[in-house]
Amino acid sequence: MFSDIEIKSSIEKILNDLQLKDSVLIKEYQKLEKLRLNIYSEQQKLLSMHKESSENKNKTSKFFHAGESVITWIMGTLLILIALVIAIAPFANTPVPDIFNITFPIILGFFFGHGIGRFASFRETKKLNDF
């Protein structure tokens, strides 16, 4: 059978191996923890960059929407003026210049396209917000 010394020596050997493996695991855990902290800090940087870009995008979007309303008012005024010229010209026995006949449907198309674009944008925004 086995003597006490042999048993004690094999137990000590096993304990030494376990301590060695434990120290290796502790070192690996520390490396993984450093990597995790680095990844976390990079995620925070990316998140802040994403927030900044979203804020800049919102500022740009608001700027274009403000300009968009000015363009809509200008185009609407032009459309009303051209419609008045086209409607009044026959009563005044004057021919309507061709430029008015051409620009009227173009501006009208602008408004239809503008309305459809807004509707599509609204639907797309609603789809994204539903998720």
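Numbers for the structure displayed
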item	result
Within-12-Å neighbourhood charge of K21 [Cβ basis; K, R +1; D, E -1]	-2
Between segment 8-49 and segment 77-102, the alpha-carbon center distance in angstrom	82 Å
Note, ³J(HN,Hα) from phi for segment 71-78, Karplus 6.51, -1.76, 1.60, rounded to Hz, x at Gly and Pro	4, 4, 5, 5, 5, x, 5, 4
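All of the numbers you see were taken from the coordinates with simple rules; none came from a lab. Fair warning: this is a prediction, and the values are worked out from it, not measured in the lab. Cβ coordinates were reconstructed from backbone atoms using ideal geometry, including for glycine residues, and neighbour counts include every protein chain displayed.
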